[in-house]
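First up is the structure itself, then whatever we jot down about it.
The values are calculated or read from the model by the stated rules, or taken from the named source; none is laboratory data. The structure displayed is predicted, hence computed values, not measured ones. Cβ: placed from backbone, ideal geometry, glycine included. Neighbour counts: every protein chain shown. Heads up: the accessible areas ignore ligands, DNA and RNA and are worked out on the full protein's heavy atoms, side chains in. Shrake-Rupley method; radii C 1.70, N 1.55, O 1.52, S 1.80 Å.
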Amino acid sequence: MNLNCSLWQGNGISVKCFAFAKFSEVTEECFLLFTFILLMFLASLTGNALIALAIWTSPVLHTPMYFFLANLSLLEVGYTCSVIPKMLQSLVSEARGISWEGCATQMFFFTLFGISECCLLAAMAFDRYMAICSPLHYPVRMSRGVCAHLAMVSWGVGCMVSLGQTNYIFSLDFCGPCEIDHFFCDLPPILALACGDTSHNEAAVFVVAILCISSPFLLIVVSYGRILGAVRVMSSPEGRHKALSTCSSHLLVVTLFYGSASVTYLRPKTSHSPGMDKILSLFYTVVTSTLNPIIYSLRNKEVKAALWRILGRKKF
C-alpha cells in the first residue's frame, strides 16, 4: 500500500498519518477473520444494548447492581465501537491508513472506556460486598446518589487517565516508519514508532497500567475475600447459594477482562511479540465484550425476564 505518511517540516520529517499492518497476504484468511469479527461485533452491540435497554425500562431492575450493569454495557458498546469498525475496514480494504488526529482520538476513547471499566468492575464488587456483608445498611450506604457518584468517578478516572496518556504519547516526535504493527492505535505499538528515547514514556505507561489495573483488582479481591468469609458463616444453604449466584457472573467477567488486560499490559517488554499482541487484542476487544451480555443474561433470571418483555415474548 502506497501511503504518503511523512511531511517535511523545519526540523526534519514528521509523520502526519499512520497505516495499520495487514493481517495476512491471503485474501481468504482476511475474509474469514472479517466475518468472525463482524459477527462478534454485531452480537456484542445487540447484547449490550438490549441489556442496557432492559434495565432502564424495567422498574424492578432499578437497583444498584443493575445500575452498574447498565453502565458496564454502555462501556462495552463504546469500547468496541472505538476500535472494531476501523479494524474491519483494514481487513478487507487497502484503505488501512488513519490520520494522526484519528489515531490519537481512537487511543483516547479506547483507553477511556478500558480504564473506566476497570474502575466500574471494582465498584460492582464493592456493591456485592455491601449487599452480602452489610444487608441492613445496604439501602443507605448504596443509595442512588452513592451509586451515581461511583459511576461518575469511574468515568472521570478513565477520562483523566486517557487524556493524560494520549497527550503524553502524541507529544512525542514521529519521524517514520508510519506502519503500526497492530489492528488499532494501542499504546505499545504507537510508542514503538516514536523517535528517540521512549523509556520514560514506556515506564509511565507501565506505572499507569499497574495503578489502573492492579489497584481496582486488589479492591475486587478484598471485597470477595470478605464475601467468602460472610458466606462461610451463613447457616442457610439457600442463602449461601443465592449469595454465590449473584457474584458468579461478575467474577467470570472480572476474570476474562483482567486476565487479558494483565497479560497485555503488565508483561515485561522483552516478552512482547506482535503476533501474540494481536491475538490478545482480538480477545479483549471482541470476545470479552461479546461474552459479557451472554454471561449476565444466561445466569440472571431478572435480566432474562426483562429481555423477554422487550422482545415481546412471555416469560414461562
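Numbers at a glance
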| quantity | calculated |
| --- | --- |
| Count - residues of the stretch 93-109 that are open to solvent by 50 Å² or more (accessible area, probe 1.4 Å) and either of a type in the set (Val, Ile, Thr) or over 19 Å from the mean Cα position of the chain (by Cα) (or both) | 5 |
| Condition check for residue 133: open to solvent by less than 30 Å² (accessible area, probe 1.4 Å) and hydrophobic (A, V, I, L, M, F, W, C) | no |
| Residue check for residue 20: closer than 18 Å to residue 96 by Cβ, open to solvent by less than 50 Å² (accessible area, probe 1.4 Å), touching a residue at least 12 places away in the same chain (Cβ under 8 Å) and not polar (S, T, N, Q) | yes |
| For residue 174: the one exception among (1) buried (at least 18 other Cβ atoms within 10 Å of the Cβ); (2) in a helix (DSSP H, G or I) | (2) |
| Meets criteria (modelled with pLDDT of 90 or more, out of contact with any Leu (no Cβ under 9 Å at 6 or more places or on another chain), within 21 Å of residue 220 (Cα to Cα) and open to solvent by 50 Å² or more (accessible area, probe 1.4 Å)) for residue 157 | no |
| Filtered residue count, the stretch 182-192, keeping only those that are assigned to a loop (DSSP other than H, G, I, E, B) and either out of contact with any Leu (no Cβ under 9 Å at 6 or more places or on another chain) or closer than 17 Å to residue 167 by Cβ (or both) | 5 |
| Members of the stretch 292-302 that are at pLDDT 70 or above and surrounded by fewer than 20 Cβ atoms within 10 Å (Cβ to Cβ) | 294, 295, 297, 301, 302 |
| Qualifying positions in the stretch 51-79 - of a type outside the set (Val, Ile, Thr), in contact (Cβ under 8 Å) with a residue 24 or more places away in the chain and open to solvent by 40 Å² or more (accessible area, probe 1.4 Å) | 53, 65, 67, 74 |
| Answer from 177, 216, 274, 268 - the residue that is of a type outside the set (A, V, I, L, M, F, W, C) and modelled with pLDDT of 80 or more | 216 |
| Test: residue in the stretch 80-90 that is farther than 15 Å from residue 44 by Cα, of a type in the set (Gly, Ala, Ser) and touching a residue at least 40 places away in the same chain (Cβ under 8 Å) | yes |
| Long-range neighbours under 6 Å by Cβ, at least six apart or interchain, first residue free of Cβ contacts under 8 Å to residues at least 60 places away in the same chain within the stretch 230-244, second open to solvent by less than 50 Å² (accessible area, probe 1.4 Å) and assigned to a helix (DSSP H, G or I) | 240/231 |
